Every structure is written in C-alpha cells, then in structure tokens.
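To keep things clear, I will list the structure first and then write my remarks on it.
The values are calculated or read from the model by the stated rules, or taken from the named source; none is laboratory data. The model shown is predicted, which means the values in this text are computed figures rather than measured ones. Note that we place each Cβ from the backbone using ideal geometry, even for glycine, and neighbour counts take in every protein chain shown.
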Amino acid sequence: MSTSHEASDKLAEGITQFLRAKVGSDVGIAGEFARLQGGFDTDTYSFSVDNAPPNLPKHLVLRHFRHAGEAPRVVRESAIQNAAASAGHAVPAVPVDSSNELLVGRPFLLMERLPGTNLGELLMTDQTYIQKFPSVMAKLQAGLHRLDTTKLRAHLDASGVDLESMKPTRMLQATTAIADATGLHDLIELSQWLTENFPVQPENPAIIHGDLHPLNILMHEGKVSGLIDWATSMFTHPEYDIAVSRTILSIGPPEDIGIPKDELTKMLLWGEAEYMKECHALQTLDDALIDYYSVFRITHAYAKVLGHKHGVDLPYVDNDGYAWDRPDMYDFIKKLVGETTGIEMVSK
C-alpha cells in the first residue's frame, strides 16, 4: 500500500510533466500536495509552483476526479468557471486546459487557489458568521441568477459541452431509469409524479451552482472570495438552486461537527428560515417550484442510493462515499415526499 508521501510524489511528478509540456520547462512543484477538506466526489489538493510564468498562478488547486469516465466534467467545469471568473464573479479560474489528459489514470483540472477559509469552518470558530451566513448564501445566489446566460451557453456549446446534460431533464431520466430497474413501487410512483409535474423550462435559464452551502463558499476579510465546486451546475429555474440549498440546510452536515444535536438543530432551523426570507427579499420566487425541486433533487439522490443497494447496473447509481448516502436520509425523504406529494416512501 502506498503512503501519502508516495502518493504526493506521484501527483507531483505527473503535474510537473503536464505543466512543463503546457507552459514551459522551467516550471516545478514547490513542496508537497496538501489534502483539502470536502471534495466528496474528487480528491482535492493545494500546491504551489516554482518559476510560474505570468499566465499561471503560483498557488493552485488540483481536482482529481475519482473515475476515469468523468473526463467530460473537466471540459464543463473548466468552461463554466472561466466564463464566470471572466465576468467578474468570485470563481476560481482554470488557467491550463487539461481536457483529454489523465493524472495517475484519472481526469483532473487545475484551478487558481483563491484566498480565504470556507464558511463552514468559520461557523465553527467565529460566532459572528452564524448571523451572516443565510444572507451570504442568498446574496451570492441572487447575483448568479441575475446573469443573462445566453453568451455563457453559447460559449459552453462551442467548447464541446453537451448542454442537454446540463438540464434537469437529465436527472429526471436517471431517476426514472433507476426506479424502473429496481422495480420498487414507491420509487416508480414518485418518478411518475415528478414526470407528470415537471415544470416547463425557461427559454433563458439561470446558471445554477447546484450545491451552494457553507463548505463551498470561501470568505476572506469578511467578504466572499470564492464559490467553489461547480460539479453539479446546470441551467434551469433559480428555484432549483434555492431548493437544493434549503434541503442541505434542513438535513445538516453529514458528520458530527462537535455541536450538541439540539443546539445544531435549532441553529439549522433558524438558518433555513432566515435564508428563505433573504431569498424572497432578493428574488421573485415561486414557492411551488421550490417545493417541487426539493422533492426532485432529494428523489434523484435517494434513487442513486437505492440503485446502489439493490445492485442496479447503471452508470449513474451512487459510488462508495456518495455524500447523500447517509443513515438519516430515509426519515428526511419520507417526511418531505409525504408532505409534498402524498406518496408514502417505504423502500430503504
């Protein structure tokens, strides 16, 4: 079994060869690769570069995708982040094209490392951020949702990104396929409900981050310095983005963070209510759409979990370590689905 030092050496060797081929033979890696928190579907590291040319930031982040078949994500995430960064948003740019490249047999991308600490960590160490985080999240989303995405979508299309894969119909198709493959009657009924109630999509859809929560927001000197992890970005109604963030706040973190359960529950309930109040103050929103997309997103996640448990052989069932595969998921989805659709979920 390789040690973390040996793994770091392999990454450094591969990245050095890649960068020298792309930007110049004098480039080298300074020090070791430092593992970063988060990255539920990637291995994420920070590192620094010696003799970096002017067009290459000295401090970089490596997103190392865990499966060889995820190469299309490199193109999509790189194009989205560069488009958002060039438009002046606090999003890390991807300075070097790594599409069609592999690092230790896996796709990867390199992005600039923005200054700051993730908001999730700050909530644990600085009480003042507890009062701020709902507003920070709502304002960040509202700014993104106001963007006209016409040029961005054209840019992505020209970059070879499959825009159809960035619509919620892709998730609906996956949910339906998994439901049919499992044969679970409640999951099939729920996928049919989602299909029958699927909303007409906007002609000029908003850019959706799709996973906006405190761990994906960087803060520096009291201000947002970066929005990271664009793996689940898509184009649809703003209400989808808000539904996902509301759901994440409702469930809470996937692991023990050292706060007593009652205290954490109270904070999350307050945070969710404040977040929704801020969202409604900043955007004109349809609550029925938010409720629909809440069920839509949680069902897609739970279908992936059930597909894995029932041995479904489809490419979009969950992998080991999937962030939504947690013991408390069943109780949450049973309550949410029952209240919104009237369907009783019994499958585990």
Before we move on, is residue 265 over 23 Å from residue 179 (Cβ atoms), among the polar types (S, T, N, Q), out of contact with any strand residue (DSSP E or B) (no Cβ under 6 Å at 6 or more places or on another chain) and not in a helix (DSSP H, G or I)?
no
All but one of (1) touching a Ser or Thr at 6+ places or on another chain (Cβ under 8 Å); (2) in contact (Cβ under 8 Å) with a residue 40 or more places away in the chain; (3) not small (Gly, Ala, Ser) hold for residue 29, so report the exception by its number.
(2)
Of all residues in region 155-188 being crowded, with 17+ Cβ neighbours inside 10 Å and not in a helix (DSSP H, G or I), the one that is nearest to the chain's Cα centre (by Cα):
161
Which of (1) buried (at least 18 other Cβ atoms within 10 Å of the Cβ); (2) more than 16 Å from the chain's Cα centre (by Cα) is the odd one out, the single condition residue 196 does not satisfy?
(1)
Can we say residue 78 is small (Gly, Ala, Ser), within 20 Å of residue 22 (Cβ to Cβ), under 19 Å from the mean Cα position of the chain (by Cα) and crowded, with 18+ Cβ neighbours inside 10 Å?
yes
Subset of region 289-348 (residues that are farther than 19 Å from residue 185 by Cα, at pLDDT 90 or above and in a loop (DSSP other than H, G, I, E, B)):
none
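Check 251, 208 and return the single one that is in contact with an Asp or Glu (Cβ under 6 Å, 6 or more places away or on another chain) and in the same structural domain as residue 175 (by TED's automatic domain parsing). Spell out the reasoning first.
Working: 251 fails: in contact with an Asp or Glu (Cβ under 6 Å, 6 or more places away or on another chain).
After applying the criteria, what remains is 208.
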Kindly establish whether residue 212 is under 30 Å from residue 130 (Cβ atoms), among the hydrophobic types (A, V, I, L, M, F, W, C) and assigned to a loop (DSSP other than H, G, I, E, B).
yes
Have a look at 85, 21, 34 and point out the one that is crowded, with 16+ Cβ neighbours inside 10 Å and in the same structural domain as residue 102 (by TED's automatic domain parsing).
85
